[in-house]
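What follows is a set of notes on a single structure, which appears directly below.
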Protein chains: 2
Amino acid sequence: MDGAEFRRRGKEMIGYVADYLENIQERRVFPTVEPGYLHQLIPDHAPQEGEKWEDLFKDIERVIMPGVTHWNHPQFHAYFPSATSYPAICADILSDAIGCLGFTWASSPACTELEVVMMDWLAKLLSLPEQFLSGGKGGGVIQGSAGEATLVALLAARHKAVHDYRQTHPGVKDDEDVAVKLVAYCSDNAHVSAERAGLLGHVKIVKLPTDDNNSLRGDILQEAINKDKAMGHIPCFVCATLGTTNCCAFDNIKELGPICEKEGVWMHIDAAYAGSAFICPEYRYLLDGVEHAMSFDFNPHKWLLVNFDCSAMWLKDSSYLIDAFNVDAEFLKTGRNGIKKTMPDFRHWQLSFSRRFRSLKLWFVLRLYGVRALQENIRKHIALAREFEGLVVKDGRFEIVAEVIMGLVCFRMKGPNEPNKKLLELIIKDGRIHLVASKIRATYCIRFCVVANQTDSNDIKYAWSVIAELATRIINENRQ
Amino acid sequence: MDGAEFRRRGKEMIGYVADYLENIQERRVFPTVEPGYLHQLIPDHAPQEGEKWEDLFKDIERVIMPGVTHWNHPQFHAYFPSATSYPAICADILSDAIGCLGFTWASSPACTELEVVMMDWLAKLLSLPEQFLSGGKGGGVIQGSAGEATLVALLAARHKAVHDYRQTHPGVKDDEDVAVKLVAYCSDNAHVSAERAGLLGHVKIVKLPTDDNNSLRGDILQEAINKDKAMGHIPCFVCATLGTTNCCAFDNIKELGPICEKEGVWMHIDAAYAGSAFICPEYRYLLDGVEHAMSFDFNPHKWLLVNFDCSAMWLKDSSYLIDAFNVDAEFLKTGRNGIKKTMPDFRHWQLSFSRRFRSLKLWFVLRLYGVRALQENIRKHIALAREFEGLVVKDGRFEIVAEVIMGLVCFRMKGPNEPNKKLLELIIKDGRIHLVASKIRATYCIRFCVVANQTDSNDIKYAWSVIAELATRIINENRQ
């Protein structure tokens, strides 16, 4: 494909995806294909000679679309949102064409510098404390996912803890002698990625019980720290969540933070989903206590209209991270020397070495929407969730199982778990709407999240009518 | 931006990037900006109201382009290639619009299934042993980078080693008691990401010396393993490199492999750059010995015209990885049950949880180019590197410091390192071409890599004329 053909084909693709997104409600939100469907539709090896665009293009509808779960469908209410926006798609085209890798400043200065400024823009939108902004010891960086950010934070915390311990215990011979004593904490509602960070970073993660609002409280953490210290362990890390995946609960960071500071424990805040809402002044109070955190992360790729991947992470002091990750080779020293003081080399801030020009997406979205429109989008989603909550509450057969604070509603039919499992199975099989399950301790419930940009009040009413209809069917079946 | 505006703006962007790539040689390959240039050109906060497209669009030239190192410039000869192709850009537009996350099969079946088939296509192109294909215990997965693949492999190897040791030593109480004894190996030419994987995975990495061809040999590995075992350590992992970053050296996997098998050590092969060349039958011999590997990785995003990120990793037995990574929650069990046996849940195969629909890029590139054109591209690059090598050899002032096997030429002026450092500084300041340094043990040299799709014989001759001219200047200055 030469430039001339790309001008045609690229434009064709732009038209196709605009059509796709504009008419997505005409598709079935969740596919009916069976596992293994795709390999039957295409050859089992790559073609020797290049094929015609037309043949590939028509295969999008024949091969791909029948197997797509449509996250942008107005009746997709599963998981959390995965942002898709036109400005972000335009930015990605530019990023792909530039095709630079931003592992050092010199490898493409604009890639590093726009990221620094965009992370400052975002930090200001969230009213993050000054220490998280660039210019001093702190700063922001784009990670691939919130789980990656948790792992990065844990590794930095681990490095700091080993270093701190050896400073005060000069007799210790080996880092590993310290490392095996390390212990970290998260709530029993935390995302699986917190547990996984412990697994991968080889730090024991203790899941702590939460209160009636599914929130991790200070007294529980203090008790755990005291107990672990008494056993000779070294508490080093807390992953606090603002807006858990299972029920959008908020850990009490105003209580956890001072304890972490007192105990020399690194508090990381994972606000993967809810973090975007903090750009609205009326929700910013949920972030109070962030001043105690060593690191904070949320996903603009969830709820801020920036396409995946763009997870925004800030550190109060990046030196712990850089020290943990820094390994250098000759080819990286080329270009300009002595620039480390003024501009970060982001390869030391992340797990991978290479990185795409992802800040372009942030720049396009923040400028073309503007702050007000992004706030309106958050408010609209939360209002729709409240509307859905109202419909649930009005139906005496159902109950809400967790306070509705953001765009997520966790609900269930009153009584045992089993009929609820049946209800969800029926909803998925029915295929008019798509939802997934959740569990809050032993209570099985159904998650309803406002996800797509297009979802409106009519979609909410429709979704509820489907759920109520299928619930009636189950209740009638049980009676018989 | 609504659908109608996106149709206009998206097409404008397609035209812009086609112009950019077609006329890239008119730009300076390496920018002249100073660190901190960008924040002076844009406001220090996001706009309250959305801006006009026109204002953003003109800022691409005003703000971004002055700070871009142009990796697609025909005179860019630094690092290794970062692939950019029109078909991959088209695929990314589609991937962005679908916007699904493929953490489970149910989260978007096409995302998982196309990846399985594309990785099989690629495996067949490279004539990988049957065990690496899907259907049995093995299979392929797209990672973000080769460094990520190394870390993933190390973590799986670590898990396996601890498990194996505890099987044969039932008295061992704690995994950590085993883990601290683990040791891993790579050559002294390996990429910094191998060392970093050890650092992040908390396994001691030993860098082993290489032979006169910069290749890690079997006897050196065997000796190291014997020594470590005698000291009570547990050798668990070897990262062998095919095509090192510093000089494109090839470790002797035909010797290393049988030793690893005998010793129960996990051999991972990192062929990040050179791997793409193995689609050419005449270079496939370099991969002989891969049958001994537990895992293998190369980057289609380097030399196979698939845009970043697309690092292709295969495992002979994915269960070690899945066991090391598997942590599950209720919301992930939704959709279809019992599908694990037929289709992988790729979240267990990688560090992060969420993942983009990246296999579309592979599909578009493999079908629209076809195998033959991809082979021609590799052959063209290698021929151009040979042409450059010839020019170096003809000039008695210079020497080649490592055998030229792929598209990389490591060269230097004969004599001490210092004038070579000066030469590279001058080349970068001059700005007509762009190169970076390397080191082979204590020998400083300059790396010349054929990177851009557009680079042709005239560009090679031109690059050499610039280098020769600047070398003459340095030699004359030294004489004075």
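The values are calculated or read from the model by the stated rules, or taken from the named source; none is laboratory data. Predicted, not measured: the structure shown is a model, and the values here were computed from it. Virtual Cβ from ideal backbone geometry, glycine too; neighbours counted across all protein chains shown.
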task: Would you check which residues across segment B:318-332 are at pLDDT below 80, more than 7 Å from chain A (Cβ to nearest Cβ) and under 28 Å from the mean Cα position of the chain (by Cα) and list them?
output: B:Asn326
- line: Among B:Ile279, B:Ile269, the single one that is within 14 Å of chain A (Cβ to nearest Cβ) and either under 22 Å from the mean Cα position of the chain (by Cα) or surrounded by 24 or more Cβ atoms within 10 Å (Cβ to Cβ) (or both) is B:Ile279
Residue count for segment A:112-145, restricted to those that are within 8 Å of chain B (Cβ to nearest Cβ), in contact with a helix residue (DSSP H, G or I) (Cβ under 9 Å, 6 or more places away or on another chain) and in a helix (DSSP H, G or I): 8
task: Taking A:Phe357 as the residue in question, decide whether it is facing chain B (nearest Cβ under 9 Å) and modelled with pLDDT of 95 or more.
output: yes
query: When only residues in segment B:196-206 that are closer than 15 Å to B:Leu182 by Cβ and either more than 8 Å from every other protein chain (Cβ to nearest Cβ) or not aliphatic (A, V, I, L, M) (or both) count, which is surrounded by the fewest Cβ atoms within 10 Å (Cβ to Cβ)?
result: B:Lys204
field: Enumeration of residues in segment B:215-240 that are away from chain A (no Cβ under 14 Å), among the aliphatic types (A, V, I, L, M) and either surrounded by 24 or more Cβ atoms within 10 Å (Cβ to Cβ) or assigned to a strand (DSSP E or B) (or both)
entry: B:Leu216, B:Leu221, B:Val238, B:Ala240
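Going by what's in this entry, would B:Cys90 be described as at the interface with another protein chain (Cβ under 7 Å from one of its Cβ atoms), in contact (Cβ under 8 Å) with a residue 40 or more places away in the chain, under 27 Å from the mean Cα position of the chain (by Cα) and farther than 16 Å from A:Ala97 by Cβ?
no
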message: Going by what's in this entry, would B:Arg166 be described as part of a helix (DSSP H, G or I), among the basic types (Lys, Arg) and under 28 Å from the mean Cα position of the chain (by Cα)?
response: no
field: Scan of segment B:41-65 for residues that are aliphatic (A, V, I, L, M) and either touching a residue at least 24 places away in the same chain (Cβ under 8 Å) or part of a loop (DSSP other than H, G, I, E, B) (or both), ordered by number
entry: B:Leu41, B:Ile42, B:Ala46, B:Ile60, B:Val63, B:Met65
message: For segment B:412-447, which positions are without any contact (Cβ under 8 Å) to a residue 40 or more places away in the chain and in contact with a helix residue (DSSP H, G or I) (Cβ under 8 Å, 6 or more places away or on another chain)?
response: B:Arg412, B:Ala437, B:Tyr444, B:Ile446
- prompt: How about segment B:427-464: which of its residues are assigned to a strand (DSSP E or B) and either among the charged types (D, E, K, R) or on the phi > 0 side of the Ramachandran plot (or both)?
  reply: B:Lys439, B:Arg447
message: So B:Gln167 passes all but one of these: (1) buried (at least 19 other Cβ atoms within 10 Å of the Cβ); (2) modelled with pLDDT under 95; (3) farther than 29 Å from B:Asn307 by Cβ; (4) polar (S, T, N, Q). Which condition number does it fail?
response: (1)
- prompt: Taking segment A:282-295 only, how many residues are hydroxyl-bearing (Ser, Thr, Tyr) and either in contact (Cβ under 8 Å) with a residue 40 or more places away in the chain or buried (at least 19 other Cβ atoms within 10 Å of the Cβ) (or both)?
  reply: 2
- request: Please determine, by comparing only the residues of segment A:241-266 that are touching a Gly at 6+ places or on another chain (Cβ under 8 Å) and assigned to a strand (DSSP E or B), which one is surrounded by the most Cβ atoms within 10 Å (Cβ to Cβ).
  value: A:Leu242
query: For segment A:426-439, which residues satisfy the criterion of being within 9 Å of another protein chain (Cβ to nearest Cβ) and either of a type in the set (Asp, Glu) or surrounded by fewer than 22 Cβ atoms within 10 Å (Cβ to Cβ) (or both)?
result: A:Ile428, A:Lys439
task: Within segment A:185-214, count every residue that is outside any strand (DSSP E or B) and within 22 Å of A:Lys160 (Cβ to Cβ).
output: 12
Considering residues of segment A:21-69 that are more than 8 Å from chain B (Cβ to nearest Cβ) and under 27 Å from B:Gly135 (Cα atoms) only, the residue surrounded by the fewest Cβ atoms within 10 Å (Cβ to Cβ): A:Gln40
message: I'd like to know if segment B:21-39 contains one or more residues that are touching a strand residue (DSSP E or B) at 6+ places or on another chain (Cβ under 6 Å) and at negative phi.
response: yes
- request: Test each condition in (1) crowded, with 17+ Cβ neighbours inside 10 Å; (2) small (Gly, Ala, Ser); (3) over 28 Å from B:Ser276 (Cβ atoms); (4) under 26 Å from the mean Cα position of the chain (by Cα) for B:Ala471 and report the one that comes out false.
  value: (4)
field: Residue tally, condition at pLDDT below 90 and more than 7 Å from chain B (Cβ to nearest Cβ), over segment A:178-190
entry: 1
task: State yes or no: is B:Phe357 outside any helix (DSSP H, G or I) and out of contact with any strand residue (DSSP E or B) (no Cβ under 9 Å at 6 or more places or on another chain)?
output: yes
query: From the residues in segment B:370-411 that are out of contact with any helix residue (DSSP H, G or I) (no Cβ under 7 Å at 6 or more places or on another chain) and at the interface with chain A (Cβ under 9 Å from one of its Cβ atoms), which one is nearest to B:Asp96 (Cα to Cα)?
result: B:Gly370
- request: Would you please name the residue that is nearest to the chain's Cα centre (by Cα), looking only at residues in segment B:47-78 that are of a type in the set (A, V, I, L, M) and closer than 25 Å to B:Ala4 by Cβ?
  value: B:Ile60
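Name the one entry in B:Ala157, B:Ala153, B:Ala184, B:Ala194 that is touching a helix residue (DSSP H, G or I) at 6+ places or on another chain (Cβ under 9 Å), within 19 Å of B:Met231 (Cα to Cα) and of a type in the set (Gly, Ala, Ser).
None of the others qualify; the one that does is B:Ala184.
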